[in-house]
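Each remark here refers to the structure printed beneath this line.
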Amino acid sequence: MTEKRQFRAIKGTRDILPPDSALWNWFEQTAREVFESYGFRDIRLPIFEETSLFARSIGADTDVVAKEMYTFEDREQFRVAHPLTMVDVIRIDEAVAEAWQHGRIPRTLANETEVLRLHEASQNIDREGTPALLCFLDSVRNLALGDSLTLRPEATASVARAYIEHGMHTQPGNVKLYYSGPMFRRERPQKGRYRQFYQVGAEALGQSDAPGIDAEVLEMLLVFFKRVGLTQTTLYVNSIGCKECRPKYVELLREELRKVKDRLGPDSQRRIDTNPLRVLDSKLPDEQPIIEKLPRISNHLCADCGEHFAKLKDELHLRGIVYEENWRLVRGLDYYTRTTFEVTAAGLGSQNAVCGGGRYDGLVELLGGPPTKGIGFAIGTDRAILSIQEGGKLPQLPGLAVFVAWMGAKSYPAAVAIARKLRECGLAVELPPEEMKFKKSLGLADKLGARYALIIGEDDVASGTFTLKRLADAEQKKLSENDLLEYLESERRGSGA
Ligand code: AMP
């Protein structure tokens, strides 16, 4: 007997159901409109990439890479015919040797052993028979041909990879791209923190690192937040220097942290060696007074970085952008240089960052591309929407316009025809597939949140008219088909549906 069981969404993932999904679509659509008004264009990226792309760009000792990635080996095996002839064995043996030589089989120690064992077994089949054949088959099966793949934990690395792969550096001006979609990190789920979460992000890549680009990206971000009603936000900015000045500051920080090591918690103690900047991220109350006394990067920037940061602040003033400087904003990922920023929003508790971003001038080069400057951000869609919902200022989204309440078999063809015409006009229409009693029909229209009920009885069909009832105030009018279409069309334009 098959066991009856209910399936549930995996921990840390969730379904976005209507009516919330309409809010999500509106949020993403507004992002598209705002970003496109700044010259950004959509890029659709794969959900999974080679693991080493993320390991290399995000940094091996970040939490994301060390603990949170969903990594798997791609399944791929040599096809083995059944029954297997000696010709097949020779063919596979040669194909494996060739693939190994040209690096198409991942060069792991385990694969190397299997390649040797497989070849040896193939040579012995003639002499030893079945045991050698079984050994051969075993090795074929054990060869791990697939690459190590990872569900993307963020999208900047993929954008940089695509930029290089498609030679986008030859395009005129800055390459400005935006994306939207799910990301995956194995974090401890809580309010505003999921294992599959969504980001809307934008990246500007090119030859210039002018602070005006940074400021324009921030302006675009804040214009978007204003458009979606995310108003109680705070923008924090910082500069974390470049590959000239940052290492010196990190060394100084490490020295100072060693002096106070005994007063720090175990995580911070470990980070003194692995990644001292991350100590500045600490939220532990006992560590705060100690951290406050540590040297600040703003006093250790090289002349170029200092000037870049000062100009960025001028540019922000020019655009009327209000911000706070936060010297502790170092961000979790390795690839950032100079400008870093974060936006927090109200109503989210401890997970209150709705956007993070910054400059990553060395990333494209690190991934084997030409020297390229880059800046971008990622907005956490889940959290941004949560904050909009908590704020209570939700947009009026169109929803169901018309419920067609038809009665009597003779009115059904007219109901089908008018429903199609209204839908062609862009209206959302519900047409019951079976006849319903009048009262029940209007009750359902109400429950579904329809703005109008279009009542069609057999008399109406005979006289060629329709009765339109506005459900909010029960106002009712009799209209010809043309008048009805005209009236609802103007209503649609008015409601933005
Ligand atoms: P990051 O890519 O870490 O800079 O994150 C950018 C933004 O994505 C954050 O400010 C959050 O709003 C959002 N975010 C990051 N991780 C998660 C998560 N696990 N669940 C929900 N949102 C997240």
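The values are calculated or read from the model by the stated rules, or taken from the named source; none is laboratory data. Source: prediction; values computed, not measured. Positions of Cβ are generated from backbone atoms using ideal geometry, with glycine treated the same way; all protein chains shown enter the neighbour counts. Please note that ligands, DNA and RNA were not included when accessible areas were found on the heavy atoms of the full protein model with its side chains. Shrake-Rupley method; radii C 1.70, N 1.55, O 1.52, S 1.80 Å.
Quick notes
- Scanning the stretch 148-170 for residues that are outside any loop (DSSP other than H, G, I, E, B) and either more than 14 Å from the ligand (Cβ to nearest atom) or of a type in the set (A, V, I, L, M, F, W, C) (or both) yields a count of 15.
- So Ser139, is it modelled with pLDDT under 95, on the phi < 0 side of the Ramachandran plot and open to solvent by 50 Å² or more (accessible area, probe 1.4 Å): no
- Every residue from the stretch 262-295 that is surrounded by 16 or more Cβ atoms within 10 Å (Cβ to Cβ) and in a loop (DSSP other than H, G, I, E, B): Leu264, Asn275, Ser282, Leu294
- One residue alone among Gly449, Gly464 is in contact with a helix residue (DSSP H, G or I) (Cβ under 8 Å, 6 or more places away or on another chain) and surrounded by fewer than 17 Cβ atoms within 10 Å (Cβ to Cβ), and that residue is Gly464.
- Top-ranked residue of the stretch 387-435 - restricted to ones that are farther than 30 Å from Asp20 by Cβ and among the aromatic types (Phe, Trp, Tyr), ranked as surrounded by the fewest Cβ atoms within 10 Å (Cβ to Cβ): Tyr412
- Filter result (open to solvent by 70 Å² or more (accessible area, probe 1.4 Å) and under 20 Å from Gln396 (Cβ atoms)) within the stretch 21-56: Asn25, Gln29, Glu33
- Within the stretch 171-201, tally of residues that are under 11 Å from the mean Cα position of the chain (by Cα), more than 8 Å from the ligand (Cβ to nearest atom) and among the hydrophobic types (A, V, I, L, M, F, W, C): 2
- Pairs, first without any contact (Cβ under 8 Å) to a residue 40 or more places away in the chain and within 21 Å of Val330 (Cα to Cα) in the stretch 360-376, second part of a loop (DSSP other than H, G, I, E, B) and open to solvent by less than 40 Å² (accessible area, probe 1.4 Å), C-beta under 7 Å, six or more apart: none
Per-residue answers, yes or no, for (1) of a type in the set (Asp, Glu); (2) part of a loop (DSSP other than H, G, I, E, B); (3) away from the ligand (no atom under 16 Å from the Cβ):
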| residue | (1), (2), (3) |
| --- | --- |
| Asp361 | yes, yes, yes |
| Leu386 | no, no, no |
| Phe403 | no, no, yes |
| Ala414 | no, no, yes |
| Ala419 | no, no, yes |
| Glu435 | yes, yes, yes |
| Leu442 | no, no, yes |
| Leu454 | no, no, yes |
| Asp459 | yes, no, yes |
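- Against the numbered list (1) within 16 Å of the ligand (Cβ to nearest atom); (2) free of Cβ contacts under 8 Å to residues at least 12 places away in the same chain, Gln351 comes up short only at (2).
- Per the listing Gly320, Gly347, Gly357, the residue uniquely small (Gly, Ala, Ser), open to solvent by less than 50 Å² (accessible area, probe 1.4 Å) and out of contact with any Ser or Thr (no Cβ under 6 Å at 6 or more places or on another chain) is Gly357.
- Qualifying residue in the stretch 332-348 (condition: more than 14 Å from the ligand (Cβ to nearest atom) and under 20 Å from Leu277 (Cβ atoms)): yes
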